[in-house]
């Protein structure tokens with residue numbers, strides 16, 4: 001999980017949170033939330049919802065669904081976030097397209113919507129039925145992303 005002295009996360013407990021009100025802060029909030037949403041254990045996920053997700057119907061639905069699943073230990077073969085680009089950015093909202101490489105080599109991109117309306121960057125979870133799809137991308141597509149490790 002990327003960390004920046006300037007962009008955050010500035011608080012590490014109970015989960016990493018508090019990101020700078022900058023484009024860099026938005027990117028780090030997007031990646032951090034995705035990592036913690038996928039890998040938080042049964043005791044930690046309520047804090048993920050509280051600190052990393054914008055309040056709303058989507059967050060409530062995610063929490064209801066997450067309560068039905070048990071996660072223990074490390075996630076095996078997680079995707080590696082390898083790049084990003086903004087599809088939109090304003091002072092209080094952003095959409096970051098995250099590129100990831102999976103264990104089988106597949107490249108994908110996924111749009112992450114963020115808001116800072118409730119104080120700091122948080123991921124906006126769309127309500128069920130309106131969530132965006134994960135899209136497979138090519139190496140050529142990946143060239144249009146800012147790489148995390150060029």
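Listing for the model above:
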read-out: Sorted by Cβ neighbour density within 10 Å, fewest at the top, the residues 116, 4, 138; value: 138, 4, 116
read-out: Over the chain, relative contact order from alpha-carbon pairs under 8 Å, at least 6 apart, %; value: 23 percent
read-out: Alpha-carbon centroids, segment 53-84 and segment 87-150: separation in whole Å; value: 15 Å
read-out: Rel. contact order, % - alpha carbon contacts under 8 angstrom, at least six apart, segment 13-99; value: 28 percent
read-out: Approximate spin-label separation residue 131-residue 47, in nm, with each point projected 7 Å along Cα-to-Cβ; value: 2.3 nm
read-out: Whole-number percent relative contact order across segment 53-110, with pairs defined as alpha carbons under 8 Å at least 6 apart; value: 24 percent
read-out: Helical contribution to [θ] at 222 nm, DSSP H n ≥ 4, -39,500 (n - 2.57), averaged over the chain, rounded to 500; value: -7500 deg cm²/dmol
read-out: Cα-based equivalent ellipsoid, the chain: semi-axes from gyration tensor eigenvalues, Å; value: 22, 19, 16
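Taken together, the values in this text are just the output of simple stated rules run on the coordinates, not laboratory data. Model, not experiment: these values are computed from the prediction. Ideal geometry is used to build each Cβ from the backbone, glycine not excepted, and the neighbour counts take in all protein chains shown.
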